[in-house]
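Everything below concerns the one structure shown next.
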Amino acid sequence: MAGGTVALTRVAAKNGDELLLPAFTLWWREVVRFYRQKTRVVGVIASPVVFWLVIGSGFGSSFRSGGLGTSQHYLDYFYPGALIMIVLFTSIFTMMSVIEDRKEGFLLSVLVAPVSRFAIVLGKVLGGTTLATLQGLIFLVFAPLVGVHIGAGSLLLVTITVFLISFALTALGFAIAWPMDSTQAFHAIINLFLIPLWLLSGALFPLSGASWWLRALMRINPLTYGVEALRDLLYPAGQGEFSLLASMSTLILFSLFMFGLAFLMVNRRTTKPAA
């Protein structure tokens, strides 16, 4: 009996190593590779900051949010949306590495290695998620400029929220990039799909003030719940469209669905019969 237990323990440990070690290696490669490209790091942060300052200052105090006619500077309202933009841009840039790895032959080497497809997806997605989360949290240094002072408890919830959004968007970017053979095609899909996904998330304008057909699209957009969750956490006195529990639950389901889709894409690609 004891011998059987020891054998099962060794098998479980071996299976754990076969999953965690490749996933950790791919995760670490994504992190190192991204931060070695300084222009990408600067571009990912600088572009949303410019958008935030220019668009926010342009609308200024003429913006009105809430049903009671209360005034809020647009820089304050747009702040969570700019944070999501940083996460989106980082996810896009990191998942372009899937296409680059295919061209360089690295991806083929990984696929023919005795590594589970689950570990490949997990490592790549977690690598992009880590980068997107870190880049998003760096943007929190601007929070005091919009009157936001985050406590320890709120910071933990904000970090979890940013992580879930990053995970979902990175997995979505992975699923889109996997069948692509060129970065041009990837950018075309991004401009057609992911950017409108952000535009219809409540990042630029509130759901309550939109026309009925836009409200319908925004309500079925999972990214809307991420923006609302961040807005609830950063501005607790505000009146969000959804409860924090509903927003977080939607983000968890969105993350799991996107990871499942990414895993499905890898298995479909690698099991395709040769012509």
Checking GLY173 against (1) more than 26 Å from GLU30 (Cα to Cα); (2) in contact (Cβ under 8 Å) with a residue 40 or more places away in the chain, the condition it does not meet:
(1)
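Which ones in the range 191-210 are part of a helix (DSSP H, G or I) and at pLDDT below 85?
Step one: of the range 191-210, the residues part of a helix (DSSP H, G or I) are 191-199, 207-209.
Within the range 191-210, ASN191, LEU192, PHE193, LEU194, ILE195, LEU207, SER208, GLY209 qualify.
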In the list ALA171, ALA113, ALA175, which residue meets the criterion of being out of contact with any helix residue (DSSP H, G or I) (no Cβ under 7 Å at 6 or more places or on another chain) and more than 16 Å from ASP232 (Cα to Cα)?
ALA113
Go through (1) closer than 27 Å to TYR35 by Cβ; (2) of a type outside the set (A, V, I, L, M); (3) at pLDDT 90 or above; (4) surrounded by fewer than 16 Cβ atoms within 10 Å (Cβ to Cβ) for ARG219 and report which single condition fails.
(1)
Taking into account only those residues within the range 98-121 that are in a helix (DSSP H, G or I) and of a type in the set (Val, Ile, Thr), which is surrounded by the fewest Cβ atoms within 10 Å (Cβ to Cβ)?
VAL112
Conditions: (1) in contact with a Ser or Thr (Cβ under 8 Å, 6 or more places away or on another chain); (2) not in a helix (DSSP H, G or I). THR90 meets all but one. Number of the miss?
(2)
Going by the structure shown, is THR161 touching a helix residue (DSSP H, G or I) at 6+ places or on another chain (Cβ under 7 Å), surrounded by fewer than 16 Cβ atoms within 10 Å (Cβ to Cβ) and either modelled with pLDDT of 90 or more or under 20 Å from GLU104 (Cβ atoms) (or both)?
no
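Is it the case that some residue within the range 122-138 is touching a residue at least 24 places away in the same chain (Cβ under 8 Å) and not in a helix (DSSP H, G or I)? Give the steps one after another, and end with the answer.
The first filter runs over the range 122-138 and keeps only residues touching a residue at least 24 places away in the same chain (Cβ under 8 Å), leaving 122-133, 135-138.
Next, from what is left, pick out any that are not in a helix (DSSP H, G or I): none.
So far as the range 122-138 goes, no, none of its residues is touching a residue at least 24 places away in the same chain (Cβ under 8 Å) and not in a helix (DSSP H, G or I).
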For the subset of the range 235-264 comprising residues that are touching a helix residue (DSSP H, G or I) at 6+ places or on another chain (Cβ under 6 Å) and modelled with pLDDT under 90, which member is surrounded by the most Cβ atoms within 10 Å (Cβ to Cβ)?
GLY240
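The values are calculated or read from the model by the stated rules, or taken from the named source; none is laboratory data. Computed from a predicted model, the values in this text were never measured in an experiment. Positions of Cβ are generated from backbone atoms using ideal geometry, with glycine treated the same way; all protein chains shown enter the neighbour counts.
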